[in-house]
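Please treat every number below as a calculation from the coordinates, not as lab data. Quick caveat, the model's predicted, so the values are computed rather than measured. Here the Cβ positions follow ideal geometry from the backbone for every residue, glycine too, while neighbour counts run over all protein chains shown.
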Amino acid sequence: MKVLFLIQGWQVAASRYRVLQYLPYLHAVGIKTDVALYPASLGEFMKLLGIIGDYDTIFLQRKRFLRPFLDIFRLKAKRVVFDFDDAIMFRNSKASSPYSKTRLKRFANMVKASDFVIAGNSFLKDQASKFTDRVVIIPTPIEDERYSMKDYTIQKDNVAIGWIGDHGSIHYLEKMRPMFERLGKLYRHVELHIICDTFFDCEHIKVVKKRWSSETEVEDLKALDIGIMPLLDDLWSWGKCGLKILQYFGVGVPAVCTPVGINVDIVKDGVNGLYAKTEEEWIRALSFLIENPDKRKEMGIRGHEVVKTSFSVKACAPKLIDVLYPKNHIPIEQSKRIY
């Protein structure tokens, strides 16, 4: 079995967490792998077409080819697995309307042209299931051995509330600036840690800016006392796969989150974290954890257990192997689906 993985970037979170960290597990069961970036030009695409026939399966991550390219690609590829972990059939939360006929059509074409589809959560599976019955959910996992528990015996004077993510999502956090200003007035010893490549400032709460890197992210996460994942209640947010929360849980940090999408599957209110929608709910939830260090530790430990049992690479790798090693594979050209 030989698989070619086409990814969006070596440092892109989806590529690292949904492809690269699986490779040792695939090699252990005899699956040979090559990984490449998507072609950036027509010439590179033509070179790709010349080699894809050498692979048993082509694994496509999130990319939706334009129809002429997709048709040619499908003729050359023996088997295609399409993986996605965002609501790519809708516009993102910044748009005035989430609906896009172009996005939906390209998503539908991609799903119909694939032999198998991997969705990051149940909402995304429902979207893909409108066009195919060959869909499985594999969440975005973390390597639980890398994300070990933080040391709760270390005494600190401050309480660190933290957020990790990329510049494309920081608008969710920035919308909460008024809440952070209020929180900073209530608790002078509280800090806001932002682990990202872009930042903003607040007047009444200290902002600690940590530039993200794969080498330091785990230690930066362990410096947190509370992790947060604010979202909007919209179609794009329902497609989120909760990676931030899993990273917090991976180091034993409790989470406060907006209860939408997969967040409610990972976080159990009052058990391993807290829910918050309105500004008042955020203030109340964060205040409770700020004032109760024992509860932070208790919830963080329970969150860590959730990761180990359901959201670790070790737990999810068998699901991916089952997709790549199908027991009863019917080639797409022999199926009844038309795209």
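Cross-link partners of LYS297 among aspartates and glutamates, defined as those whose alpha carbon lies under 13 angstrom from its own and excluding same-chain residues fewer than eight positions apart: ASP151, ASP225, GLU305.
Extension gain, ILE72 to ASP233: 0.36 nm times the residue separation minus the Cα-Cα distance gives 54.1 nm. Fewest-first ordering of TYR38, TYR55, TYR22 by other beta carbons within 10 Å of each residue's beta carbon gives TYR38, TYR55, TYR22. Give me the percent of DSSP beta bridges within segment 137-294 that run antiparallel, rounded to the nearest 5. Around 0 percent antiparallel, to the nearest 5.
Using the beta-carbon distance between GLU145 and SER100 and R0 = 25 Å, what value does 1/(1 + (r/R0)^6) give for FRET efficiency, to the nearest 0.05? Spell out each step's value before the answer.
Numbers: r = 40 Å, r/R0 = 1.61.
My answer for the efficiency is 0.05.
Before rounding to the nearest 500, sum -39500 (n - 2.57) across all DSSP H runs of length at least 4 in the chain and divide by the residue total; then give [θ] at 222 nm in deg cm²/dmol. The helix-only estimate for the chain comes to -11000 deg cm²/dmol at 222 nm. With a Förster radius of 30 Å applied to the beta-carbon distance between LYS314 and SER129, the computed FRET efficiency rounds to 0.65. If I take every Cα pair under 8 Å that is 6 or more residues apart in segment 146-198, average their sequence separation and divide by the length, what percent do I get for the relative contact order? Reported relative contact order: 55 percent. Between the alpha-carbon centres of segment 61-105 and segment 183-251 there is a gap of 30 Å.
Computed about its Cα centre, the charge dipole of segment 159-310 is approximately 240 debye, with only Lys, Arg, Asp and Glu carrying charge at their Cβ. Each label point was placed 7 Å from the Cα along the Cα-to-Cβ direction; for ASP56 and GLU280 their separation is 5.9 nm.
Classify segment 68-115 from the C-alpha gyration tensor, please: rounded if a/c falls under 1.5, else prolate or oblate depending on whether a/b exceeds b/c. Because a/c hits 1.5 or more and a/b exceeds b/c, segment 68-115 counts as prolate. Full extension of the chain segment joining LYS295 with VAL29 gains 91.6 nm, where the gain is 0.36 nm per residue of separation less the Cα-Cα distance. With the simple spin-label model, which puts each label point 7 Å out from Cα in the Cβ direction, the HIS167 to SER287 separation comes to 3.7 nm.
For VAL256, the residues 5 or more places off, or on other chains, whose built amide H falls under 5 Å of its own are GLY227, ILE228, MET229, LEU274. Placing unit charges on the Cβ atoms only, positive for Lys and Arg and negative for Asp and Glu, gives the chain a dipole magnitude near 1260 debye about its Cα centre.
In terms of its alpha-carbon gyration tensor, segment 10-154 comes out oblate; a/c meets the 1.5 threshold, while b/c is at least as large as a/b. Considering the chain, its Cα convex hull presents a mean projected area of 17.4 nm².
Seen from all directions on average, segment 159-310 presents a Cα convex hull projection of 7.9 nm². Each peptide in 14-21, 96-103 was scored by the mean count of other Cβ atoms within 10 Å over its residues; highest first, the order is 14-21, 96-103. In plain terms, the chain from LYS206 to ASP265 could stretch by 18.1 nm, reckoned as 0.36 nm per residue minus the Cα-Cα distance.
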